[in-house]
1. Under 16 Å from the Cα of residue 195, which lysines turn up, not counting those fewer than eight places away in the same chain?
2. Tell me, what HN-Hα J-couplings in whole Hz come from the Karplus equation 6.51 cos²θ - 1.76 cosθ + 1.60 at θ = phi - 60° for each residue of region 201-206, using x for Gly and Pro?
3. Could you tell me the convex hull volume per residue, in Å³, taken over the Cα atoms of region 137-196?
4. Could you give the length gained on full extension between residue 325 and residue 305, defined as 0.36 nm per residue of separation minus the Cα-Cα distance, in nm?
5. Along the Cα-to-C-beta direction of residue 230, a point sits 7 Å from the Cα; which residues of region 187-208 have their amide N less than 16 Å from that point?
6. Report the calculated FRET efficiency for residue 165 and residue 46 (r = Cβ-Cβ distance, R0 = 45 Å), to the nearest 0.05.
7. Could you please report the charge total around residue 327, scoring K, R as +1 and D, E as -1 over all other residues with beta-carbon less than 13 angstrom from its beta-carbon?
8. Largest first and in whole Å, what are the equivalent-ellipsoid semi-axes of region 32-184 based on the Cα gyration tensor, each being the root of 5 times an eigenvalue?
Amino acid sequence: MLMKLTAKVKLVTNQIPHAALQETMARANAACNWISELAWEKNIFQAFAIQKISYHAVKERFGLTAQMVIRCISKVTDAYKLDKKTKRIFHPTGAISFDDRILKWHLDKQFVNIWTTSGRLKIPFVGGSRQLALLQRRQGESDLLFQNGVFYLAATCNVEEPEPSDVLEFLGVDLGIAQIASDSDGQQYSGSKLKSIRHWYRRLRSALQKRQTKSANRRLKQLAGKEARFAKDTNHVISKQIVAKAKRTGRGISVENLTGIRARIRARKPQRAVLHSWAFAQLGSFLGYKAKLAGVPLIAVDPRNTSRECSQCGSIDKKNRPSQSTFRCRVCGHAEHADINAARVISGRGAVMRPNVAGCAAVLHNSVTSPRL
């Protein structure tokens, strides 16, 4: 089987190609807005029908090539596939797609030949060894992105999935807030640093937003995305360690199916910001695709009562957990950290279920897009 990953590389642009890419992106998105307005007025949202009424007008009005017009029409129709009740509006710096007719990759010399409104340009790109290796298996379209004043290309790549190993035991993983993850071997991956950084950023953003000055707005713009990038890096590191341990010890990975947890949990007002900034879906996604690449079976188990069930005798009682971090069984007296006990329960449930790897991957990737490497 093949799985799709996205390799993201940075374009090295000086003043001339940078301006050309900006103009191309702005003009393409302006064309998308014009197409969207026409589709909305006429209540036409199918690709062929939109192309029939807009192709020649867009090509003449915006000075785009035939293939770029097709890509703009495709972007508009894809946007309306999700919802036809709201008119779509596209930002001047929104991502635009290029196919092999208007973008050629030269991986050996590390540059791309890309169409712009100023003609075709040869632009170098840089990326890590991981991204460059993935690009050897690139297939389909590539997206031009503009982030924090820098242009990137994101390409979809096909990677061969190894067959999952046949395992009898599972490494249980309990996801949480105080501890980002705890496994059934007793190892904990602390969330204290991430929690404190999130708290610091929330306080700083709140203070800057109250000022409403130009310097405060500049500072807010500089801070944008830093917290998310730190959290993403933390999740990458933790998921990599968990998958490496499971593979090294010849086990699968068992996690809770936490789909829809935010809607199910009721939290006091001071706790809501912490709960809703908890990137458990992202960590689950990273565990899912890293386990696939490593050939490690991964399953999602029923999360009910994992925090109240004793991993030794199976007794379930709300009073088994007198505090957030303490577990003490009222039947057999077993006591240990509550998250580690929950991880052992999850491990046991995984061994009972045995893996349906494809189904579990779908659960973990629900509402999460393909990771960019």
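Derivation of every value follows stated rules applied to the coordinates shown; laboratory data play no part. Since this is a predicted model, take the numbers as computed values, not measurements. Here the Cβ positions follow ideal geometry from the backbone for every residue, glycine too, while neighbour counts run over all protein chains shown.
1. Correct list for residue 195: 226, 232.
2. Result, ordered by residue: 5, 4, 5, 5, 4, 4 Hz.
3. Convex hull volume per residue, Cα atoms: 154 Å³.
4. 5.7 nm
5. Those under the cut-off are 190-208.
6. 0.50
7. Summing Lys/Arg as +1 and Asp/Glu as -1 gives +2.
8. 37, 24, 16
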